[in-house]
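The values are calculated or read from the model by the stated rules, or taken from the named source; none is laboratory data. Only a predicted model underlies this, so the values are computations on that prediction, with no experimental measurement involved. In this analysis, Cβ positions are derived from the backbone assuming ideal geometry, glycine residues included, and neighbour counts consider all displayed protein chains. Note: areas computed on protein heavy atoms with side chains; ligands, DNA, RNA excluded. Shrake-Rupley method; radii C 1.70, N 1.55, O 1.52, S 1.80 Å.
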Amino acid sequence: QAISISKAINTQEAPVKEKHARRIILGTHHEKGAFTFWSYAIGLPLPSSAILSWKFCHVLHKVLRDGHPNVLQDCQRYRSNIRETGDLWGHLHDRYGQLVSIYTRLLLTKISFHVKHPEFPPGLEVSDEVLEKTAGTDVNNIFQLTVELFDYLDCELKLSESVFRQLNTSMAVSQMSAVQCRLAPLIQVIQDCSHLYHYSVKLMFKLHSCLPADTLQGHRDRFHEQFRSLKNFFKRASDMLYFKRLIQIPRLPESPPNFLRASALAEHVKPVVVIPEEAPEDEEPENLIEISTTSTTEPQISSDLFEQTFGPPNGVWDDRDAQIESLKREVDTLRAEMEKVKLEAQRYITQLKAQVNSLEGEVEEQRKQKQKALVDNEQLRDELDRLQRVKQDSDRSQRLCAEAEKKANATEIRYTKLKEKHSELINTHAELLRKNADTAKQLTVTQQSQEEVARVKEQLAFQVEQVKREAEMKLEDQSVQMEQLRQELDARRDELEQAQRSLSHAKQAGVELSAQVDALHAEKEVLRRSVSEKECELLSTRGLVEEKELQLSQEADRATREIRELQGRLMEKSNQEQSLQQQLLEEQFAVLQETVREAQGILRDAMAKLDDPLHLRCTSSPDYLLSRAQAALDSTDALEKGHAQYVASMADAAGLVGALALFAHLTADTIVNGSATSHLAPTDHADRLTETCRDCGQRSLDYLDELRDRQRLSRAELGDVRRALRGVLQLAQ
């Protein structure tokens, strides 16, 4: 199959040979599918040749029609490959490419139709009973099936019209191989169209028996148009000599069927396409039996001998002459029959010999294919090992390339991020300054609140002192009162004792004394109750004082914690600001270093041009060198200004970075144009100009080296660079 596929599908503008296509089709029946065909077909370079794609479509059409039934499912899996081939050639203005685009649409329509309706084989040969069963009795199904058959037939007719249109424009003759390459697929188109036309007629009559005629007016118009196109196609194909020996094309009626008359279905004749039997290509039948010509010349020789011996006949016939004549006739009859038998035997033997040769050829071909398959297997195994090694090498190279690209991208991304980080840090610095101001305000407010708390605390302490003093004063007063009461009580007791003593002396006054004693007892109880109340008031006053002291101590602790927390936040903000400031300085310095490194690379590249032999053919004018040198000299002022700004504030390197980039480009341009100008100058001037340019580049590199060192950055000077540039200006003048 591999050999047949390679011979059938190639870039030669000639039709596909039938024997190659037959072997491919037999291969699909042998393996019950098109796996081998597609395994080779997907490796074909279809996008490289429109003729190759056209012959691929032709072979695929034949395989679909005549191959194993499982071929349809195999082709369904490769629909995307067929569609991509058609889309590719449809966008190109190639004559074969346009045909390939139309042919792929036909193949996709064919695959979709037969996958959707498995009752129809890809060869489209079904009986009327199967057609009736597939259509069913549902009008919607019949209507839909008819539309799909019309679409199918439209694709077939569009391909035939496109082929004939190209033949008309080229005024081709059908016996030319280039023309036959285009005409060959139309044999399968004729076979498909005959069946599609017959099924369309059957379904149209069935639809007209179920639906009104007005509803089907669009169907009738479409069918009449297809009928005219198909009749024209069959007529033109019948007139071509190429088709006459390959296919017997049916004749369609002069007018399309009248679907409005149901009896017209009986007048319809199914068009039948006949493919005549052919002898195998590239083979000539051999004569197995040599037929001698002596039998044909024997009567003439006998007649001549008879006339020479007895003379010509004299017109008198006797019985013996009649018998001779009858025997001659019998001999002639037997000789004719013997010739027929010989011819039939020869034809039969020739056919048998051809069959034997074909079978022996197939056996030999299979044996060769087996040997070739074994050799191919070994070659493929070696090729697989080699490809695996190549793949490993390519993977390694791709990994190295990917790593290099990643590094380059990472460097570029890092440089971009540094720029973005620089802007972000500037914004963050501004934000931190604003936040610092806000924090300072908050700290001021906190200090004010702390002072207010201190004042409140002093007021509360003063109030507590007052309460304490009042309580002490009250206690002292109460103590004094209690002392007075005790003194009074002692006095009363003394009086009572005196009264008792006086009572003992004067019993006569007992009633009065008992009354006084009762009064004194009552007064004593009143005094005791008063003392108890004063003690309770003193205890409540002490509790209030302790509660006030506890509340004041809690408020003081809370204020102290708030002050400590605010001080911590202030320290944290200050540390964060310092770290961000340091990070900003580091990133600004890193951006500066990257810029310096790029500038050194630019200058080194320019200095390399001074000794580059390929640069000898480059020339420049002194006027242009003057303009470049003056621009480079002017850029040193901006560079010096940017350097001073950066030394004053290392948090902003934008001015120095921009000035460095401009200085590096202009200086490198000056060196390159100085070298180009020296190629036109006299030898002495040329050497001096080259050395001055080299000195200018070296001085610039020394200055950039100073910028890369933190200790020497602030002391970097541009005096040597300016003197070198002025030297270039003087030489140019």
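Of all the criteria given as (1) modelled with pLDDT under 90; (2) part of a helix (DSSP H, G or I), the one not satisfied by R23 is (1).
Can you report the number of residues in the stretch 490-535 which are among the hydroxyl-bearing types (S, T, Y) and either open to solvent by 100 Å² or more (accessible area, probe 1.4 Å) or at pLDDT 70 or above (or both)? Qualifying residue count for the region: 2. Restricted to the stretch 238-257, and to residues that are open to solvent by less than 70 Å² (accessible area, probe 1.4 Å) and free of Cβ contacts under 8 Å to residues at least 60 places away in the same chain, which residue is nearest to P271 (Cα to Cα)? Ranking the qualifying residues of the stretch 238-257, first place goes to P250. Restricting to the stretch 631-653, and then to whatever is open to solvent by 30 Å² or more (accessible area, probe 1.4 Å), out of contact with any Ser or Thr (no Cβ under 9 Å at 6 or more places or on another chain) and part of a helix (DSSP H, G or I), can you tell me which residue is farthest from D709 (Cα to Cα)? Residue satisfying both the conditions and the ranking: D634.
Per-residue answers, yes or no, for (1) at pLDDT below 75; (2) surrounded by 10 or more Cβ atoms within 10 Å (Cβ to Cβ); (3) farther than 25 Å from S6 by Cβ:
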{"site": "A345", "(1), (2), (3)": "no, yes, yes"}
{"site": "Y348", "(1), (2), (3)": "no, yes, yes"}
{"site": "N357", "(1), (2), (3)": "no, yes, no"}
{"site": "V363", "(1), (2), (3)": "no, yes, no"}
{"site": "V390", "(1), (2), (3)": "no, yes, no"}
{"site": "D395", "(1), (2), (3)": "no, yes, yes"}
{"site": "I413", "(1), (2), (3)": "no, yes, yes"}
{"site": "K421", "(1), (2), (3)": "yes, yes, yes"}
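Residue check: V173 meets all listed conditions (1) in a helix (DSSP H, G or I); (2) open to solvent by 70 Å² or more (accessible area, probe 1.4 Å); (3) modelled with pLDDT under 85 but one, namely (1). Candidates are the residues of the stretch 103-140 that are aliphatic (A, V, I, L, M) and outside any helix (DSSP H, G or I); the one that is surrounded by the fewest Cβ atoms within 10 Å (Cβ to Cβ) is V126.
Of the set (1) touching a residue at least 12 places away in the same chain (Cβ under 8 Å); (2) touching a helix residue (DSSP H, G or I) at 6+ places or on another chain (Cβ under 7 Å); (3) open to solvent by 40 Å² or more (accessible area, probe 1.4 Å), all apply to N70 but (2).
Screening L108 with (1) within 24 Å of L196 (Cβ to Cβ); (2) more than 27 Å from the chain's Cα centre (by Cα) gives one miss only, at (2). Entry remark, the stretch 56-92: residues being of a type in the set (F, W, Y), within 26 Å of the chain's Cα centre (by Cα) and over 20 Å from V115 (Cα atoms) number 1 in total. For the stretch 365-388, give me each residue that is over 46 Å from the mean Cα position of the chain (by Cα) and either open to solvent by 80 Å² or more (accessible area, probe 1.4 Å) or of a type in the set (A, V, I, L, M) (or both). Matches in the stretch 365-388: R367 only.
Each row is one residue, and each column tells you yes or no for (1) of a type in the set (G, A, S); (2) open to solvent by less than 10 Å² (accessible area, probe 1.4 Å).
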residue: R22; (1), (2): no, no
residue: L26; (1), (2): no, no
residue: A34; (1), (2): yes, yes
residue: I42; (1), (2): no, no
residue: H61; (1), (2): no, yes
residue: Q98; (1), (2): no, no
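Scanning the stretch 1-20 for residues that are open to solvent by less than 50 Å² (accessible area, probe 1.4 Å) and either of a type in the set (G, A, S) or not in a helix (DSSP H, G or I) (or both) yields Q1, A2, S4, A8, I9, N10, A14, P15, V16. No other residue among E267, E281 is modelled with pLDDT under 85 and open to solvent by 80 Å² or more (accessible area, probe 1.4 Å) apart from E267. Filtering the stretch 713-733 for residues that are without any contact (Cβ under 8 Å) to a residue 12 or more places away in the chain, under 52 Å from the mean Cα position of the chain (by Cα) and part of a helix (DSSP H, G or I) leaves an empty set. Considering each of G97, G43 in turn, give the residue that is modelled with pLDDT under 90 and part of a helix (DSSP H, G or I). Unique residue meeting the criteria: G97. Taking the stretch 692-722 as the range and being modelled with pLDDT of 90 or more, open to solvent by 10 Å² or more (accessible area, probe 1.4 Å) and of a type in the set (S, T, Y) as the test, only T692 passes.
Only a single criterion out of (1) in a helix (DSSP H, G or I); (2) surrounded by fewer than 14 Cβ atoms within 10 Å (Cβ to Cβ); (3) of a type outside the set (G, A, S) is not satisfied by L680, namely (1).
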